[in-house]
Every structure is written in C-alpha cells, then in structure tokens.
Amino acid sequence: MGTLGKAFTDAFGLLWNLDPSLVETVALTLQVTLAALVIALLVGVPVGAAVGLARRLPGRWLIVPLIYTGMGLPPVVVGLFTYLILSNQGPLGGLGWLFTPAGMIVAQTIIALPLVVGLTMAAVQGVDPSLPVQMLSLGATRRQVAGVTLLEARIGVTAAVVAAYGAIISEVGAVMLVGGNIEGETRVLTTAIVLETRKGNFALALALGIILLGIAFLTNFAFHRLQVRQGAR
Amino acid sequence: MRAGSIIFVALVILAASCSRGGSGDVQVLRLATTTSTNDSGLLDALLPDFEAGNDARVDVVAVGTGQAIALGEAGDADVILVHARAREDAFVAEGHGTDRSDVMYNDFVIVGPSDDPAKIDGVPFAADAFAAIAAAGAVFASRGDDSGTHTKERSLWEAAGVVVDADLPWYKSLGQGMGSTLNYAEETGAYTLTDRGTFLSQSAGLPNLRILVGGSSIESNVDPALLNPYGVIPVDPDKGGIAVELAGAFVAWLTSVETQERIGEFGVDAFGQPLFYPDSEAWRNR
C-alpha cells in the first residue's frame, strides 16, 4: 500500500507545484496527440463516409476486412515501420523527422487513421439506407448526401473520435521508438512512465499514470458534452 | 446457459494461466538483472547448467540497474546481479541484501561518429574526452535511465568538471536502454558511453560508430574509471517469500571456478574476445 498511497500524493504534488518538466511533458503529449487526431479526422472521416455509402464499391469484400485489420495494428509495428521510413537509410530520411515530434505525429496518425475510417464507416452504414436514395432522387449532390448522412451518424462519428484519441494518447511503443524519449524534446507521458518504472521509481511512474488518466478523462468529458449537445439538437 | 459456459471456459483458461510453467514442484529463482547480461546472451548460455543441477527454473527479469535494485528492495526478486558498485554497497548496508560477491567485469568505451567532431580519438582518459565533447558542444546521447551505465556516465561528467542537464542543446537524455541509445547515436552522429559487450554484439548494425576511447580490447583500455564490475547479492530473507537456499546455491554456482571459466569463454567465438571477464574470489584464488 505504501507505493500506491505515495503515488497519489506524488501526483497531487506534481500538479500543485506545476512541476516544469511535467508541464513540458503534458504539453508535448497533447500537441502530438491532437495533431495526429486532427490529421486522422480530416482524412479518415471523408474516406470512412465514402466507403460506408458506396455499398457497391468494387473490392469492398477486401477493403472492409483490411480496414478492420488496421484498427488492430500493433502500435510497436507502426513505430518500427515509421522508424525505418524516417531513418537515415529510409526513403524519407532526408526530412530529418526521426526523433522529433513530427515523426511521432506521423506514427500516431497511422495508428488513428484506420480507427477513424472503420468506425465512421460503421456509423454511416447504420443510417437508414433510404435516406441517400431519397436525397439523390430530390436532386442532391453526392457531397450533400455525404454531409447529411454524417450529420445523422454524428454520435457514431464522435465515438470514432473518442476511440482514436484514447488509442493514441495511451500509446507507448511507437512514440518510444520514433521519438526516442528525449528529455525536453520528445518525452511524452507514456514514455516517461516507462522510464520511471525502469528506474524503480514506481510511485512517480504511477503518479504520471494518474495524471495521464485525468487528462484523458477531462478530454473525454468535453467530447461527451459535445455528443450530448449534438444529440439534443 | 450459453453465457454460463463462456464464463466457465474463461475461468478454466484463467486458472490454467495461473500455474506458472506447470511442471510440478520445480523451484523458481527470481533473478533481477541488468539488460546487458541478458541481451548479450550470457545468461542464456549459462543458466541451463544451474537449472539442471538444482532442479530449478530461473525467471530472469532483465531491467535497468535502478529497477533491479528496487525489485530486490521490495522482495520481488530472490537475487540481483547488477553493475553499480556504490549502489550495491548501499543496498547491502541498508539491509536489503545479505552480502555482495564479485562476479565478473567488462569495461565501458566511448563510441562516436567517424568524423569525430570533438577530436577525442585516442584520448586515454574518459573524463578528458568528456571535457572535450562538452567544449566542442558535440551531441552526446545519455542513457538517462538511472542504469549502471548512466551512473558511470554521471561520475565521469563530474570528474570532467562538466554540469550536464537537458537544457544543454548538445546533451540528449534519452531514458532508454543501451541498444536504443546506440541506435540513436548511429542515426544522429552522437557520442555515447556504452559497455563494450553491447557495442560489440550490436556493431554490425552501427556502421557509423566506432570506439574512440577505450581501445580495441579491454587490455588496451588504460582508464581504470572505465572498468565495469558486476556483483551478485542475495535478497534479505526477512522480506518473506524469498527462495533463500536457492539464492545461496545460485551465488555459489555463479562464483565457482567452473562457471567462471565459462563466463570467460563466452563470446570469444563470435567476437574474437570475451564479453565478460571472470573475477570471483574463487577464480582469483584458483
């Protein structure tokens, strides 16, 4: 119990004192997570809506299982893949993104994208199939159909956002490999937790875990308020 | 009914997973050690002999020295095998372990990029080389993980009269294992401090790095500060649940002349030199 109790007092102490290295780590965690999330949403929602609406898409029998597989991509494999692409010997080595936040955002986006695509697709498919047919017969463009369908499916789409956010803010394998866990440069909450555990600072590690959960809760609380407001509209 | 049978199957799987290994009354020794002894393959080569001789299984937890010591302090390991002399002595002095025995040593070397911007190639003493790296502002990759290697690195900076922290643009505190730190140095052209064994076993994948301080083998390393001794400590029996007899047998076996001889032979075939040099009391007095 000693370590557990100390973890909570440590977490409180770090927050109360606004520990500078903690602030830096939290800021980078949010920066990387939110950047990856926004990119994944900008690309993933339209793609997911298109696949969900195009029920006669050729190759659909292959595309859908591929998307589902992507939803379960092991983050460490994504990290390894991104590492090799961004390495000096890799095709994009010239960018110099290895061991930088930019590289971490690339890896997190790859992890989040299939989740956004897959869940958006499922949400869109849940909408009454007669809606697009009616709209098209009334002369709506495909873009307008997609927009209205997404609006109908908004609760499911918000679930896609929440799932992708949860997957990447809690992810450790890929950001460790691609970012390198460099203090003051690429250290995020999850990699800091791994480091403090390895050092044997179990209480501090758990304190950081408590802070990570707190941030995830606050963000999800905001998402949920958004979901409720949309549902009521 | 169907939900009931699913729960039943789940419970059976859970119960089956709880019996560790499941081979009857085999005793288990929990060994907390550093990544260097495990990643080099030394333990894989040595342990089957101990397991067969004592009808036991050794569960190796390979972590940083800091965590290995913490595992011992919490009584979550029966014996620890680490390399950070001052912290080992503190571990015994605080009553967490019974006594420390010498096991073996290897040495640290400073590796860096071939173009050597800080011009440390051939500098005999590590502290001087560190001072030159700091003066040149050349990028240095630190383990930053409180490991035995990191502990040694900090003492060398102190000896060099350099105060390092993460605010220095050239000092990168990674908080990762030796293998990852070497990969970082390879990719970014950084200097780093490494044990010779890990560097040798990984050097095929590190074409840009070479040994700049420490020489081509331990015999040509003239800086005593770069020696890296390993010690073994049985955990205090009073912590409860400690495999006391097995831990004692392990220490006796590890320091015996026969095992020491095998430690000295390990790696010679693959690297042309041993990765660890035997150094137990029994070996020195043989």
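The values are calculated or read from the model by the stated rules, or taken from the named source; none is laboratory data. Source: prediction; values computed, not measured. Heads up, the Cβs are rebuilt from the backbone with ideal geometry, glycines too, and the neighbour counts pull from every protein chain shown.
When only residues in the stretch A:91-138 that are modelled with pLDDT of 90 or more and within 14 Å of chain B (Cβ to nearest Cβ) count, which is nearest to A:E152 (Cα to Cα)?
A:G103
For the stretch A:192-233, enumerate the residues that are crowded, with 19+ Cβ neighbours inside 10 Å, assigned to a helix (DSSP H, G or I) and touching a Gly at 6+ places or on another chain (Cβ under 7 Å).
Of everything in the stretch A:192-233, those that are crowded, with 19+ Cβ neighbours inside 10 Å, assigned to a helix (DSSP H, G or I) and touching a Gly at 6+ places or on another chain (Cβ under 7 Å) turn out to be A:I193, A:L195, A:R198.
Counting only residues that are in a strand (DSSP E or B) and within 14 Å of chain A (Cβ to nearest Cβ), which one in the stretch B:56-107 is farthest from B:A252 (Cα to Cα)?
So the residue we want is B:V63.
Please state which one of B:S180, B:S216 is at pLDDT below 95, among the small types (G, A, S) and within 25 Å of A:E196 (Cβ to Cβ).
B:S180
Residues being surrounded by fewer than 19 Cβ atoms within 10 Å (Cβ to Cβ) and under 17 Å from B:A132 (Cβ atoms): count how many of those fall in the stretch B:190-214.
Count: 1.
Could we say that B:I242 is away from chain A (no Cβ under 14 Å), under 30 Å from B:G95 (Cβ atoms) and not hydroxyl-bearing (S, T, Y) here?
It is true that B:I242 is away from chain A (no Cβ under 14 Å), under 30 Å from B:G95 (Cβ atoms) and not hydroxyl-bearing (S, T, Y).
Hey, B:V28 hits all of (1) modelled with pLDDT of 80 or more; (2) not assigned by TED's automatic domain parsing to the domain that holds B:F250 but one; which does it fall short on?
(2)
Given the residues A:G180, A:G184, which is the only one that is within 7 Å of chain B (Cβ to nearest Cβ) and modelled with pLDDT of 90 or more?
The conditions single out A:G180.
Among the residues of the stretch B:168-180, count how many are facing another protein chain (nearest Cβ under 7 Å) and within 14 Å of B:A134 (Cα to Cα).
Residues flagged as facing another protein chain (nearest Cβ under 7 Å) and within 14 Å of B:A134 (Cα to Cα) within the stretch B:168-180 amount to 1.
Consider the stretch A:70-89. How many of its residues are assigned to a helix (DSSP H, G or I) and in contact (Cβ under 8 Å) with a residue 24 or more places away in the chain?
Residues in the stretch A:70-89 being assigned to a helix (DSSP H, G or I) and in contact (Cβ under 8 Å) with a residue 24 or more places away in the chain: 11 in total.
Determine if the stretch B:117-131 includes at least one residue that is within 14 Å of chain A (Cβ to nearest Cβ) and either closer than 30 Å to B:W283 by Cβ or in contact with a strand residue (DSSP E or B) (Cβ under 6 Å, 6 or more places away or on another chain) (or both).
No: zero hits.
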